[in-house]
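Undergrad: Okay, here's the structure, questions in a sec.
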Amino acid sequence: MKKKNLYIALVCLLLSSLDTFAQNRTYDGPNKMNTWSITGYGGITKFFGDIKTYDFKLGPDEKLTGGWGLSVNKQLSPIFGVQLTGFNGQLRGSKMGYVSSLTNKTYDVTFNSPSFIQVTVDGTMNVNRLLFGYNKLRRWKVDAHLGGGIIYYHTDLHAINTATGVDWPVKTNTDGSSKTAGTWERNGTTYTREWVVPVGMAVHYELTPRFDLGLDFTYSYVNTEKMDATVGSISDYQSQQGIWTFAASDSKKDGWGMATLALTYKLGKNAVRAKNGKYDATSGRYHLRWANPQSLIPVPYNPTMNDADSIAKVNMPKPVDPRLYTDTDGDGVADLFDKEPNTPAGSVVSGGGVAMDLDKIIRDAIKNNLPKDECEALFSNIEFDTDKSIIRNTSKETLSKVVELLNLRTNCRIVLVGHTDARASDSYNESLSRRRVDAAKRFLIRAGLAEPSRILIEYYGEYRPVAENTTVEGLQSNRRVEIKILPQNTLRSNYPAGFRK
(Lines give C-alpha, C1' and ligand atoms only; values in the text may rest on other atoms or scores of the structure.)
Protein backbone atom coordinates (compact mmCIF):
# COMPACT_ATOMS: atom_id res chain seq x y z
CA MET A 1 0.00 0.00 0.00
CA LYS A 2 2.97 2.31 0.46
CA LYS A 3 3.53 2.48 -3.29
CA LYS A 4 -0.08 3.40 -3.88
CA ASN A 5 0.09 6.25 -1.36
CA LEU A 6 3.25 7.50 -3.01
CA TYR A 7 1.61 7.57 -6.44
CA ILE A 8 -1.42 9.43 -5.10
CA ALA A 9 0.83 12.03 -3.44
CA LEU A 10 2.73 12.58 -6.68
CA VAL A 11 -0.50 13.06 -8.65
CA CYS A 12 -1.78 15.62 -6.13
CA LEU A 13 1.51 17.54 -6.34
CA LEU A 14 1.27 17.59 -10.12
CA LEU A 15 -2.29 18.93 -10.09
CA SER A 16 -1.47 21.66 -7.57
CA SER A 17 0.96 23.25 -10.02
CA LEU A 18 -0.92 22.51 -13.24
CA ASP A 19 -3.39 25.39 -13.06
CA THR A 20 -0.59 27.97 -12.84
CA PHE A 21 1.18 26.26 -15.73
CA ALA A 22 -1.98 26.22 -17.85
CA GLN A 23 -2.50 29.98 -17.46
CA ASN A 24 0.41 30.60 -19.83
CA ARG A 25 0.05 27.62 -22.17
CA THR A 26 -2.54 28.42 -24.81
CA TYR A 27 -3.34 27.60 -28.40
CA ASP A 28 -0.81 29.39 -30.63
CA GLY A 29 -3.19 30.73 -33.22
CA PRO A 30 -4.48 34.16 -34.29
CA ASN A 31 -6.73 34.15 -31.20
CA LYS A 32 -5.57 32.75 -27.88
CA MET A 33 -7.52 29.71 -26.65
CA ASN A 34 -7.34 27.62 -23.49
CA THR A 35 -6.22 24.00 -24.00
CA TRP A 36 -5.78 22.33 -20.58
CA SER A 37 -8.38 20.60 -18.40
CA ILE A 38 -8.70 18.14 -15.51
CA THR A 39 -11.26 15.33 -15.40
CA GLY A 40 -12.36 13.38 -12.35
CA TYR A 41 -13.98 9.94 -12.73
CA GLY A 42 -16.11 7.84 -10.42
CA GLY A 43 -18.08 4.70 -11.25
CA ILE A 44 -18.38 0.94 -11.26
CA THR A 45 -15.82 -1.65 -12.33
CA LYS A 46 -16.23 -5.11 -13.88
CA PHE A 47 -13.70 -7.92 -14.35
CA PHE A 48 -13.50 -9.87 -17.61
CA GLY A 49 -11.46 -13.09 -17.37
CA ASP A 50 -11.59 -16.77 -16.46
CA ILE A 51 -13.16 -16.28 -13.01
CA LYS A 52 -16.44 -14.63 -13.94
CA THR A 53 -20.00 -15.87 -14.45
CA TYR A 54 -21.63 -13.10 -16.47
CA ASP A 55 -20.38 -10.17 -18.50
CA PHE A 56 -22.83 -7.49 -17.41
CA LYS A 57 -24.41 -8.71 -14.16
CA LEU A 58 -23.21 -10.02 -10.83
CA GLY A 59 -22.54 -13.71 -10.36
CA PRO A 60 -22.81 -15.77 -7.15
CA ASP A 61 -20.86 -14.33 -4.21
CA GLU A 62 -19.95 -11.25 -6.26
CA LYS A 63 -20.37 -7.72 -4.98
CA LEU A 64 -20.58 -4.47 -6.88
CA THR A 65 -17.12 -2.91 -7.19
CA GLY A 66 -16.09 0.60 -8.08
CA GLY A 67 -13.17 2.91 -8.66
CA TRP A 68 -12.12 6.47 -9.24
CA GLY A 69 -9.75 8.17 -11.59
CA LEU A 70 -8.19 11.44 -12.62
CA SER A 71 -6.85 12.65 -15.95
CA VAL A 72 -4.90 15.70 -17.07
CA ASN A 73 -5.98 16.62 -20.59
CA LYS A 74 -4.23 18.64 -23.28
CA GLN A 75 -6.26 19.56 -26.37
CA LEU A 76 -3.96 19.68 -29.42
CA SER A 77 -6.64 20.67 -31.93
CA PRO A 78 -10.46 20.81 -31.98
CA ILE A 79 -10.45 17.10 -32.88
CA PHE A 80 -7.33 15.54 -31.31
CA GLY A 81 -6.03 15.58 -27.76
CA VAL A 82 -3.85 13.66 -25.32
CA GLN A 83 -4.35 12.86 -21.64
CA LEU A 84 -2.50 11.30 -18.72
CA THR A 85 -4.99 9.07 -16.88
CA GLY A 86 -4.81 7.30 -13.55
CA PHE A 87 -7.33 4.80 -12.07
CA ASN A 88 -7.61 3.17 -8.68
CA GLY A 89 -10.30 0.61 -7.86
CA GLN A 90 -11.39 -2.88 -6.90
CA LEU A 91 -12.29 -5.96 -8.97
CA ARG A 92 -14.24 -9.10 -8.05
CA GLY A 93 -15.26 -12.26 -9.87
CA SER A 94 -16.72 -15.70 -9.29
CA LYS A 95 -17.17 -18.96 -11.14
CA MET A 96 -19.11 -21.90 -9.83
CA GLY A 97 -18.04 -25.36 -10.98
CA TYR A 98 -14.56 -24.56 -12.29
CA VAL A 99 -12.98 -27.83 -13.49
CA SER A 100 -9.19 -28.14 -13.54
CA SER A 101 -8.04 -30.06 -16.61
CA LEU A 102 -4.90 -31.07 -14.70
CA THR A 103 -6.63 -32.92 -11.82
CA ASN A 104 -10.29 -33.02 -12.91
CA LYS A 105 -11.20 -31.46 -9.56
CA THR A 106 -14.12 -29.07 -9.39
CA TYR A 107 -14.03 -25.76 -7.48
CA ASP A 108 -16.35 -22.88 -6.65
CA VAL A 109 -13.99 -19.95 -7.09
CA THR A 110 -14.20 -16.27 -6.03
CA PHE A 111 -11.45 -13.73 -6.41
CA ASN A 112 -10.90 -10.18 -5.24
CA SER A 113 -8.35 -7.62 -6.39
CA PRO A 114 -8.80 -5.15 -3.52
CA SER A 115 -6.80 -2.23 -4.87
CA PHE A 116 -5.27 -1.87 -8.29
CA ILE A 117 -3.48 1.17 -9.75
CA GLN A 118 -3.36 1.92 -13.47
CA VAL A 119 -1.58 4.80 -15.22
CA THR A 120 -1.83 5.33 -18.99
CA VAL A 121 -1.22 7.91 -21.70
CA ASP A 122 -4.21 8.13 -24.05
CA GLY A 123 -4.91 9.83 -27.35
CA THR A 124 -8.42 11.22 -27.87
CA MET A 125 -10.38 11.92 -31.05
CA ASN A 126 -13.55 14.02 -31.17
CA VAL A 127 -15.76 11.75 -33.28
CA ASN A 128 -18.85 13.94 -33.65
CA ARG A 129 -16.78 16.94 -34.80
CA LEU A 130 -15.06 14.70 -37.32
CA LEU A 131 -18.31 13.24 -38.65
CA PHE A 132 -20.82 16.09 -38.28
CA GLY A 133 -18.71 19.27 -38.27
CA TYR A 134 -18.91 22.17 -35.84
CA ASN A 135 -22.47 23.38 -36.35
CA LYS A 136 -24.25 20.24 -35.11
CA LEU A 137 -24.25 18.97 -31.52
CA ARG A 138 -22.36 22.10 -30.45
CA ARG A 139 -22.70 21.37 -26.72
CA TRP A 140 -21.81 17.67 -27.09
CA LYS A 141 -18.41 16.05 -27.38
CA VAL A 142 -18.02 12.36 -28.23
CA ASP A 143 -14.45 11.17 -27.72
CA ALA A 144 -12.93 7.86 -28.73
CA HIS A 145 -9.73 7.22 -26.79
CA LEU A 146 -6.91 4.69 -27.02
CA GLY A 147 -3.70 4.47 -25.06
CA GLY A 148 -1.11 2.38 -23.30
CA GLY A 149 0.35 2.17 -19.84
CA ILE A 150 0.93 -0.02 -16.82
CA ILE A 151 -1.20 -1.63 -14.13
CA TYR A 152 -0.22 -2.75 -10.61
CA TYR A 153 -2.52 -5.27 -8.95
CA HIS A 154 -2.65 -8.12 -6.43
CA THR A 155 -5.24 -10.87 -6.09
CA ASP A 156 -6.87 -12.77 -3.23
CA LEU A 157 -8.58 -15.94 -4.44
CA HIS A 158 -10.65 -18.61 -2.66
CA ALA A 159 -11.32 -21.97 -4.33
CA ILE A 160 -13.67 -24.36 -2.50
CA ASN A 161 -13.40 -27.98 -3.57
CA THR A 162 -16.97 -28.97 -4.27
CA ALA A 163 -16.25 -32.59 -3.27
CA THR A 164 -14.54 -31.98 0.09
CA GLY A 165 -15.68 -28.44 0.94
CA VAL A 166 -12.11 -27.39 1.67
CA ASP A 167 -11.17 -23.76 0.91
CA TRP A 168 -7.88 -23.41 -0.92
CA PRO A 169 -6.79 -19.73 -0.76
CA VAL A 170 -4.31 -18.22 -3.21
CA LYS A 171 -2.70 -14.81 -2.56
CA THR A 172 -0.37 -13.08 -5.01
CA ASN A 173 0.94 -10.60 -2.42
CA THR A 174 2.87 -13.18 -0.40
CA ASP A 175 6.37 -14.56 -0.82
CA GLY A 176 5.05 -16.28 -3.91
CA SER A 177 3.98 -13.05 -5.64
CA SER A 178 5.51 -11.99 -8.91
CA LYS A 179 7.43 -9.16 -10.45
CA THR A 180 5.84 -9.75 -13.84
CA ALA A 181 3.13 -12.06 -15.00
CA GLY A 182 5.47 -13.63 -17.51
CA THR A 183 8.33 -14.84 -15.26
CA TRP A 184 6.82 -15.14 -11.77
CA GLU A 185 10.14 -14.79 -9.98
CA ARG A 186 8.55 -14.92 -6.50
CA ASN A 187 10.45 -11.91 -5.21
CA GLY A 188 7.80 -11.02 -2.65
CA THR A 189 6.59 -7.72 -4.19
CA THR A 190 3.07 -6.73 -3.16
CA TYR A 191 1.90 -5.75 -6.64
CA THR A 192 2.16 -7.56 -9.92
CA ARG A 193 3.10 -5.26 -12.79
CA GLU A 194 1.75 -5.63 -16.31
CA TRP A 195 1.27 -3.69 -19.50
CA VAL A 196 -2.25 -2.50 -20.25
CA VAL A 197 -4.02 -1.05 -23.30
CA PRO A 198 -7.19 1.00 -22.53
CA VAL A 199 -9.76 1.75 -25.21
CA GLY A 200 -13.07 3.49 -24.72
CA MET A 201 -15.69 6.07 -25.56
CA ALA A 202 -16.69 9.20 -23.64
CA VAL A 203 -19.68 11.51 -24.10
CA HIS A 204 -19.43 15.01 -22.58
CA TYR A 205 -21.84 17.92 -22.33
CA GLU A 206 -20.64 21.51 -21.87
CA LEU A 207 -22.41 22.83 -18.77
CA THR A 208 -20.59 26.14 -18.29
CA PRO A 209 -17.43 27.84 -19.56
CA ARG A 210 -15.57 25.94 -16.80
CA PHE A 211 -17.36 22.61 -16.31
CA ASP A 212 -18.31 19.65 -18.52
CA LEU A 213 -20.31 16.62 -17.42
CA GLY A 214 -20.01 13.27 -19.13
CA LEU A 215 -20.16 9.50 -19.18
CA ASP A 216 -17.14 7.35 -19.96
CA PHE A 217 -16.69 3.64 -20.56
CA THR A 218 -13.18 2.22 -20.77
CA TYR A 219 -12.12 -1.36 -21.37
CA SER A 220 -8.53 -2.18 -20.42
CA TYR A 221 -6.75 -5.10 -22.10
CA VAL A 222 -4.22 -6.51 -19.59
CA ASN A 223 -1.23 -8.41 -20.97
CA THR A 224 -1.77 -11.51 -18.81
CA GLU A 225 -4.15 -14.38 -18.09
CA LYS A 226 -3.23 -14.37 -14.41
CA MET A 227 -5.00 -11.30 -13.09
CA ASP A 228 -7.44 -13.76 -11.45
CA ALA A 229 -4.59 -16.22 -10.62
CA THR A 230 -6.11 -18.60 -13.14
CA VAL A 231 -4.91 -19.65 -16.57
CA GLY A 232 -7.84 -21.03 -18.52
CA SER A 233 -8.59 -24.58 -17.30
CA ILE A 234 -4.98 -25.63 -16.63
CA SER A 235 -4.82 -24.24 -13.08
CA ASP A 236 -5.40 -26.35 -9.94
CA TYR A 237 -5.77 -24.54 -6.64
CA GLN A 238 -5.10 -27.43 -4.26
CA SER A 239 -1.79 -28.38 -5.88
CA GLN A 240 -1.26 -24.80 -7.24
CA GLN A 241 -0.18 -26.26 -10.56
CA GLY A 242 -0.56 -23.91 -13.55
CA ILE A 243 -0.62 -20.83 -11.31
CA TRP A 244 2.94 -19.86 -10.51
CA THR A 245 4.69 -21.38 -13.50
CA PHE A 246 4.55 -19.58 -16.82
CA ALA A 247 1.99 -21.18 -19.10
CA ALA A 248 -0.45 -20.11 -21.77
CA SER A 249 -3.98 -21.33 -22.29
CA ASP A 250 -6.48 -21.11 -25.09
CA SER A 251 -8.50 -18.55 -23.12
CA LYS A 252 -8.33 -14.84 -23.83
CA LYS A 253 -6.17 -12.55 -21.76
CA ASP A 254 -7.78 -10.80 -18.82
CA GLY A 255 -9.29 -7.35 -18.86
CA TRP A 256 -11.50 -5.04 -16.88
CA GLY A 257 -14.03 -2.37 -17.66
CA MET A 258 -15.12 0.79 -15.93
CA ALA A 259 -18.28 2.87 -16.50
CA THR A 260 -17.95 6.27 -14.85
CA LEU A 261 -19.48 9.66 -14.43
CA ALA A 262 -16.89 12.26 -15.52
CA LEU A 263 -16.64 15.89 -14.39
CA THR A 264 -14.19 18.10 -16.27
CA TYR A 265 -12.78 21.43 -15.11
CA LYS A 266 -11.33 23.53 -17.93
CA LEU A 267 -8.21 25.44 -16.95
CA GLY A 268 -7.06 28.81 -18.28
CA LYS A 269 -8.05 32.42 -17.81
CA ASN A 270 -11.00 34.50 -19.05
CA ALA A 271 -12.98 31.37 -19.89
CA VAL A 272 -16.06 31.92 -22.09
CA ARG A 273 -18.18 29.71 -24.33
CA ALA A 274 -20.07 30.26 -27.57
CA LYS A 275 -23.68 31.46 -27.50
CA ASN A 276 -25.91 29.95 -30.17
CA GLY A 277 -22.84 29.11 -32.22
CA LYS A 278 -21.64 32.74 -32.21
CA TYR A 279 -18.08 33.60 -31.23
CA ASP A 280 -16.58 36.89 -30.09
CA ALA A 281 -12.80 36.79 -29.72
CA THR A 282 -12.84 39.99 -27.66
CA SER A 283 -15.08 38.56 -24.92
CA GLY A 284 -12.48 36.13 -23.53
CA ARG A 285 -10.79 32.83 -24.28
CA TYR A 286 -12.67 29.88 -25.65
CA HIS A 287 -11.51 26.34 -24.95
CA LEU A 288 -10.03 24.43 -27.86
CA ARG A 289 -11.85 21.38 -26.48
CA TRP A 290 -15.12 22.91 -27.78
CA ALA A 291 -14.40 25.74 -30.21
CA ASN A 292 -13.07 25.83 -33.75
CA PRO A 293 -10.27 28.44 -34.11
CA GLN A 294 -11.59 29.32 -37.58
CA SER A 295 -14.88 30.41 -35.99
CA LEU A 296 -13.01 33.23 -34.22
CA ILE A 297 -11.82 34.73 -37.50
CA PRO A 298 -14.40 37.26 -38.73
CA VAL A 299 -15.87 36.65 -42.18
CA PRO A 300 -14.42 39.13 -44.71
CA TYR A 301 -16.84 41.94 -45.47
CA ASN A 302 -17.79 42.15 -49.15
CA PRO A 303 -19.74 45.38 -49.65
CA THR A 304 -22.58 45.57 -52.13
CA MET A 305 -22.68 48.25 -54.79
CA ASN A 306 -24.95 50.36 -52.58
CA ASP A 307 -22.53 49.92 -49.65
CA ALA A 308 -19.58 50.87 -51.82
CA ASP A 309 -21.43 53.92 -53.12
CA SER A 310 -22.30 55.02 -49.58
CA ILE A 311 -18.71 54.54 -48.41
CA ALA A 312 -17.42 56.50 -51.39
CA LYS A 313 -19.80 59.38 -50.68
CA VAL A 314 -18.83 59.52 -47.01
CA ASN A 315 -15.10 59.52 -47.80
CA MET A 316 -15.28 61.77 -50.86
CA PRO A 317 -13.09 64.86 -50.45
CA LYS A 318 -14.71 68.24 -50.35
CA PRO A 319 -15.19 69.75 -53.81
CA VAL A 320 -12.45 72.11 -54.97
CA ASP A 321 -13.47 75.73 -55.23
CA PRO A 322 -13.95 76.28 -58.99
CA ARG A 323 -12.51 79.77 -58.63
CA LEU A 324 -9.11 78.12 -58.23
CA TYR A 325 -9.18 77.16 -61.92
CA THR A 326 -10.77 80.32 -63.36
CA ASP A 327 -9.18 83.64 -64.22
CA THR A 328 -11.97 85.94 -65.40
CA ASP A 329 -9.81 88.95 -66.30
CA GLY A 330 -6.92 86.86 -67.69
CA ASP A 331 -4.25 88.55 -65.58
CA GLY A 332 -2.65 85.24 -64.45
CA VAL A 333 -4.10 85.30 -60.92
CA ALA A 334 -6.87 82.79 -60.17
CA ASP A 335 -10.21 84.32 -59.18
CA LEU A 336 -9.94 82.65 -55.74
CA PHE A 337 -6.97 84.89 -54.90
CA ASP A 338 -7.65 87.84 -57.22
CA LYS A 339 -8.41 91.02 -55.23
CA GLU A 340 -9.29 92.89 -58.48
CA PRO A 341 -10.98 90.28 -60.72
CA ASN A 342 -11.84 92.85 -63.42
CA THR A 343 -8.46 94.37 -64.34
CA PRO A 344 -8.12 95.43 -68.03
CA ALA A 345 -6.65 92.94 -70.47
CA GLY A 346 -2.84 93.00 -70.63
CA SER A 347 -2.46 94.58 -67.18
CA VAL A 348 0.54 93.82 -65.03
CA VAL A 349 -0.73 92.83 -61.60
CA SER A 350 0.69 91.91 -58.21
CA GLY A 351 0.45 88.49 -56.61
CA GLY A 352 -2.97 89.52 -55.26
CA GLY A 353 -4.27 90.49 -58.71
CA VAL A 354 -4.04 94.26 -58.11
CA ALA A 355 -3.16 96.26 -61.25
CA MET A 356 0.30 97.87 -61.13
CA ASP A 357 2.21 100.35 -63.32
CA LEU A 358 5.26 98.49 -64.61
CA ASP A 359 6.87 101.74 -65.82
CA LYS A 360 6.54 103.26 -62.34
CA ILE A 361 8.04 100.15 -60.74
CA ILE A 362 11.07 100.36 -63.02
CA ARG A 363 11.48 104.14 -62.45
CA ASP A 364 11.31 103.65 -58.70
CA ALA A 365 13.90 100.89 -58.91
CA ILE A 366 16.32 103.17 -60.85
CA LYS A 367 15.63 106.18 -58.63
CA ASN A 368 16.33 104.22 -55.45
CA ASN A 369 19.56 102.72 -56.88
CA LEU A 370 18.28 99.15 -57.00
CA PRO A 371 18.70 96.14 -57.28
CA LYS A 372 16.84 95.57 -54.06
CA ASP A 373 17.02 92.48 -51.86
CA GLU A 374 13.25 92.06 -52.24
CA CYS A 375 11.43 90.81 -55.31
CA GLU A 376 7.78 91.67 -55.70
CA ALA A 377 5.60 89.05 -57.41
CA LEU A 378 4.09 90.36 -60.66
CA PHE A 379 1.77 88.70 -63.20
CA SER A 380 0.79 89.52 -66.77
CA ASN A 381 -0.33 87.85 -70.02
CA ILE A 382 0.66 88.21 -73.64
CA GLU A 383 -1.77 87.00 -76.29
CA PHE A 384 -1.27 85.34 -79.69
CA ASP A 385 -3.18 85.02 -82.94
CA THR A 386 -4.86 81.76 -83.90
CA ASP A 387 -2.33 78.98 -84.58
CA LYS A 388 0.55 81.50 -84.28
CA SER A 389 3.56 81.73 -82.02
CA ILE A 390 4.57 85.25 -83.16
CA ILE A 391 4.72 87.86 -80.40
CA ARG A 392 2.62 90.95 -81.04
CA ASN A 393 4.26 94.44 -80.96
CA THR A 394 2.25 95.50 -77.88
CA SER A 395 3.45 92.41 -76.07
CA LYS A 396 7.06 93.11 -77.08
CA GLU A 397 6.89 96.42 -75.17
CA THR A 398 5.77 94.57 -72.02
CA LEU A 399 8.53 91.98 -72.39
CA SER A 400 11.18 94.69 -72.88
CA LYS A 401 10.14 96.33 -69.62
CA VAL A 402 10.26 92.93 -67.90
CA VAL A 403 13.87 92.45 -69.08
CA GLU A 404 14.76 95.88 -67.70
CA LEU A 405 13.17 95.04 -64.33
CA LEU A 406 14.84 91.62 -64.08
CA ASN A 407 18.25 93.08 -64.82
CA LEU A 408 17.72 95.52 -61.95
CA ARG A 409 16.39 92.92 -59.55
CA THR A 410 18.78 89.98 -59.82
CA ASN A 411 16.97 88.14 -57.00
CA CYS A 412 13.92 87.72 -59.26
CA ARG A 413 13.19 84.98 -61.79
CA ILE A 414 10.58 84.67 -64.52
CA VAL A 415 8.19 81.81 -65.35
CA LEU A 416 6.63 81.64 -68.81
CA VAL A 417 3.50 79.45 -69.03
CA GLY A 418 2.09 78.60 -72.46
CA HIS A 419 -1.58 77.88 -73.31
CA THR A 420 -3.82 77.42 -76.37
CA ASP A 421 -7.49 77.30 -77.17
CA ALA A 422 -9.24 74.00 -77.80
CA ARG A 423 -9.61 74.00 -81.61
CA ALA A 424 -7.02 71.33 -82.42
CA SER A 425 -5.87 67.97 -81.14
CA ASP A 426 -4.33 67.60 -77.70
CA SER A 427 -0.87 66.77 -79.04
CA TYR A 428 -0.91 69.66 -81.51
CA ASN A 429 -2.01 72.17 -78.86
CA GLU A 430 0.69 70.93 -76.51
CA SER A 431 3.30 71.51 -79.19
CA LEU A 432 1.85 74.95 -80.03
CA SER A 433 1.95 76.06 -76.39
CA ARG A 434 5.58 74.94 -76.27
CA ARG A 435 6.44 77.03 -79.36
CA ARG A 436 4.80 80.10 -77.82
CA VAL A 437 6.81 79.97 -74.57
CA ASP A 438 9.98 79.30 -76.56
CA ALA A 439 9.27 82.43 -78.65
CA ALA A 440 8.82 84.53 -75.50
CA LYS A 441 12.01 83.08 -74.00
CA ARG A 442 14.05 83.89 -77.15
CA PHE A 443 12.74 87.42 -77.13
CA LEU A 444 13.77 87.94 -73.48
CA ILE A 445 17.30 86.64 -74.18
CA ARG A 446 17.68 88.75 -77.32
CA ALA A 447 16.38 91.79 -75.45
CA GLY A 448 19.38 91.54 -73.14
CA LEU A 449 18.21 89.54 -70.08
CA ALA A 450 21.19 88.79 -67.87
CA GLU A 451 21.41 85.21 -66.59
CA PRO A 452 18.94 83.43 -68.91
CA SER A 453 18.99 80.54 -66.42
CA ARG A 454 16.44 82.52 -64.42
CA ILE A 455 13.82 81.72 -67.09
CA LEU A 456 11.54 78.69 -66.46
CA ILE A 457 8.98 77.54 -69.01
CA GLU A 458 5.79 75.49 -68.59
CA TYR A 459 3.27 74.50 -71.28
CA TYR A 460 -0.18 72.92 -70.99
CA GLY A 461 -1.82 73.09 -74.40
CA GLU A 462 -5.59 73.42 -73.96
CA TYR A 463 -5.74 71.93 -70.42
CA ARG A 464 -5.75 75.23 -68.46
CA PRO A 465 -8.30 77.54 -70.07
CA VAL A 466 -9.22 80.82 -68.39
CA ALA A 467 -12.42 81.24 -70.41
CA GLU A 468 -14.95 79.21 -72.39
CA ASN A 469 -13.77 78.01 -75.78
CA THR A 470 -17.18 78.79 -77.29
CA THR A 471 -16.76 82.51 -77.98
CA VAL A 472 -14.27 84.60 -79.94
CA GLU A 473 -13.27 86.47 -76.80
CA GLY A 474 -12.83 83.26 -74.84
CA LEU A 475 -10.69 81.69 -77.53
CA GLN A 476 -8.48 84.78 -77.63
CA SER A 477 -8.05 84.79 -73.84
CA ASN A 478 -6.92 81.18 -73.91
CA ARG A 479 -4.26 81.80 -76.59
CA ARG A 480 -1.73 83.24 -74.19
CA VAL A 481 1.60 83.04 -72.41
CA GLU A 482 1.45 83.94 -68.73
CA ILE A 483 4.35 85.96 -67.36
CA LYS A 484 5.14 85.45 -63.66
CA ILE A 485 7.90 87.38 -61.95
CA LEU A 486 8.67 85.62 -58.66
CA PRO A 487 11.38 85.58 -56.00
CA GLN A 488 14.19 83.11 -56.61
CA ASN A 489 13.32 81.18 -53.44
CA THR A 490 9.93 80.02 -54.83
CA LEU A 491 11.13 77.25 -57.10
CA ARG A 492 8.00 75.10 -57.23
CA SER A 493 5.32 75.78 -59.83
CA ASN A 494 1.83 76.65 -58.65
CA TYR A 495 0.45 74.25 -61.26
CA PRO A 496 -0.20 70.63 -60.16
CA ALA A 497 0.56 69.18 -63.62
CA GLY A 498 2.07 70.07 -66.94
CA PHE A 499 5.46 70.27 -68.61
CA ARG A 500 8.26 72.37 -67.22
CA LYS A 501 11.87 73.09 -68.04
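The values are calculated or read from the model by the stated rules, or taken from the named source; none is laboratory data. Remember, predicted model here, so these are calculated numbers, not experimental data. Positions of Cβ are generated from backbone atoms using ideal geometry, with glycine treated the same way; all protein chains shown enter the neighbour counts. Calculation scope for accessible area: heavy atoms of the full protein, side chains included, ligands and nucleic acids excluded. Shrake-Rupley method; radii C 1.70, N 1.55, O 1.52, S 1.80 Å.
Undergrad: Per DSSP helix of 4 or more residues, -39500 (n - 2.57); summed, then divided by the residues of the chain. What does that give at 222 nm, rounded to the nearest 500? Don't skip to the end; give the middle numbers.
TA: On the way: 7 runs with 93 residues, N = 501.
About -6000 deg cm²/dmol.
Undergrad: With labels modelled as points extended 7 Å from the Cα through the Cβ direction, what inter-label distance (nm, one decimal) is found for residue 241 paired with residue 386?
TA: Going from the residue 241 label point to the residue 386 one covers 13.7 nm.
Undergrad: If you take the beta carbon distance between residue 80 and residue 320 as r and set R0 to 41 Å, what does 1/(1 + (r/R0)^6) give as a FRET efficiency, to the nearest 0.05?
TA: Working: r = 62 Å, r/R0 = 1.50.
My answer for the efficiency is 0.10.
Undergrad: A follow-up question, please. For residue 107, list long-range residues whose amide hydrogen, built 1.01 Å from N in the peptide plane, is under 5 Å from its own amide hydrogen.
TA: 97, 98, 99, 100, 162
Undergrad: Run the numbers on the chain and let me know its relative contact order in percent, using alpha-carbon pairs under 8 Å that are six or more apart. Write down the numbers at each step before the final one.
TA: Working: 1117 pairs, mean separation 56.8, N = 501.
11 percent.
Undergrad: Quick one: grab Rg to one decimal and Dmax as a whole number for the chain, Cα atoms only, in Å.
TA: That works out to 50.9, 153 Å for Rg and Dmax.
Undergrad: Heavy atoms only, 1.4 Å probe, whole protein assembly: order 343, 110 by accessible area, highest first. Can you show the working numbers first?
TA: Details: 343 10, 110 35 Å².
Ranking 343, 110 by accessible area, largest first, yields 110, 343.
Undergrad: Can I ask one more? Which of the peptides 351-357, 195-201 is most tightly packed, and how do the rest follow, judged by the mean count of other Cβ atoms within 10 Å per residue? Walk me through the intermediate numbers first.
TA: On the way: 351-357: 15.3, 195-201: 18.7.
Ranking, from highest mean packing down: 195-201, 351-357.
Undergrad: Report the label-to-label distance for residue 134 and residue 171 in nanometres (one decimal), using points 7 Å from each Cα along the Cα→Cβ vector.
TA: With each label placed 7 Å out from Cα toward Cβ, I get 5.8 nm.
Undergrad: Ordering 482, 404, 430 from largest to smallest accessible area (1.4 angstrom probe), what's the sequence? Don't jump to the answer; show the numbers that get you there.
TA: On the way: 482 5, 404 85, 430 65 Å².
Sorted by accessible area, descending: 404, 430, 482.
Undergrad: On a 1.4 Å probe surface of the protein chains, which of 224, 386 comes out largest in accessible area, and what is the full order? Don't skip to the answer; put the middle values down first.
TA: Details: 224 10, 386 70 Å².
Greatest to least solvent exposure: 386, 224.
Undergrad: By a straight-distance test (C-alpha under 16 Å), which aspartates and glutamates pair with residue 32 as possible cross-link partners, with residues fewer than eight away in the same chain excluded?
TA: 280
Undergrad: Angle check, please: helix 393-408 long axis (alpha carbons) against the longest principal axis of the chain (alpha carbons), in degrees 0 to 90, nearest 10.
TA: In the chain, helix 393-408 runs at an angle near 70 degrees to the longest axis.
Undergrad: Could you report the accessible area of residue 265 in Å², rounded to 10, computed with a 1.4 Å probe on the protein chains as they sit in the structure?
TA: 80
Undergrad: Another one. Using modelled amide H (1.01 Å from N, peptide plane; none on Pro or chain starts), what sits under 5 Å from the amide H of residue 457, excluding residues fewer than 5 places away?
TA: Result for residue 457 returns 416, 501.
Undergrad: Same structure, new question: Could you tell me which of the pairs 57/253; 105/171; 105/226; 52/136 are separated by over 31 angstrom between their Cα atoms in the structure shown? Intermediate results must be reported in sequence, preceding the final value.
TA: Working: 57/253 20 Å; 105/171 20 Å; 105/226 19 Å; 52/136 42 Å.
Violating the 31 Å limit, Cα to Cα: 52/136.
Undergrad: Quick check: residue separation of residue 163 and residue 207 times 0.36 nm, minus the Cα distance between them. What number comes out in nm? Intermediate values should be presented prior to the final figure.
TA: Numbers: separation 44, 0.36 × 44 = 15.84 nm, distance 5.79 nm.
Working it through step by step, the gained length comes to 10.1 nm.
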